[in-house]
Amino acid sequence: VFHGRILARHVVGRETRYEVAVEARYRQRFPLVSREYLWVPNTCGCPALRPGAEYLLMARRHVNHEHTLNRILLQDHGYARPWTPREARLVREAARHC
């Protein structure tokens, strides 16, 4: 779970790749750097993330069996909400209890 600002959107093959500036990390099982690529497995960009907007994102690390692919994946039913200070407070509180 992290707070990210969308910098750019690119369609790559049959997927959408977002360039994201990681603003804050709330709960993570894998390390994040200040700039990451977030992949969505479709070309419609669903969920639709607008460049310049900030979101609270819950994504997972996807590594294939050959360990040749290692990326952050936001699934179609993944969590992507517009970021607000209230959302950030709720996630911080939940992270303390989980």
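Simple spin-label estimate for Arg5 and Arg81 gives 2.2 nm between the two label positions (7 Å along the Cα-to-Cβ direction from each Cα). For segment 1-68, the list of trypsin sites (Lys or Arg not before Pro) that fall in a loop by DSSP and count at most 16 other C-beta atoms within 10 angstrom reads Arg14, Arg27, Arg29.
Here the Gaussian network model covers the chain, with springs between Cα atoms less than 10 Å apart; of Val11, Val20, Val40, Val11 fluctuates the most. Label point of Arg96 set 7 angstrom out along Cα-Cβ; within segment 1-30, amide nitrogens under 16 Å from it belong to 26-27. The angle between the Cα long axis of helix 85-97 and the main principal axis of the chain comes to about 80°, on a 0 to 90 degree scale.
Charged neighbours of Pro47, selected by a Cβ distance under 13 Å, balance to +2 (K, R count +1; D, E count -1).
A convex hull fitted to the Cα coordinates of the chain yields 102 cubic angstrom per residue. Taken about its Cα centre, the chain carries a charge dipole of roughly 260 debye when the Cβ of each Lys and Arg holds +1 and the Cβ of each Asp and Glu holds -1. Label zone (Arg61, point 7 Å along Cα-to-C-beta; backbone nitrogen cut-off 16 Å) within segment 70-98: 70-74. For segment 32-98, the set of GluC sites (Glu not before Pro) satisfying both a DSSP loop assignment and a count of at most 13 other C-beta atoms within 10 Å is given as Glu66.
Every number here is computed from the coordinates shown, using simple stated rules; none is lab data. Note that the structure is predicted; figures quoted are calculated from it, not measured. Heads up, the Cβs are rebuilt from the backbone with ideal geometry, glycines too, and the neighbour counts pull from every protein chain shown.
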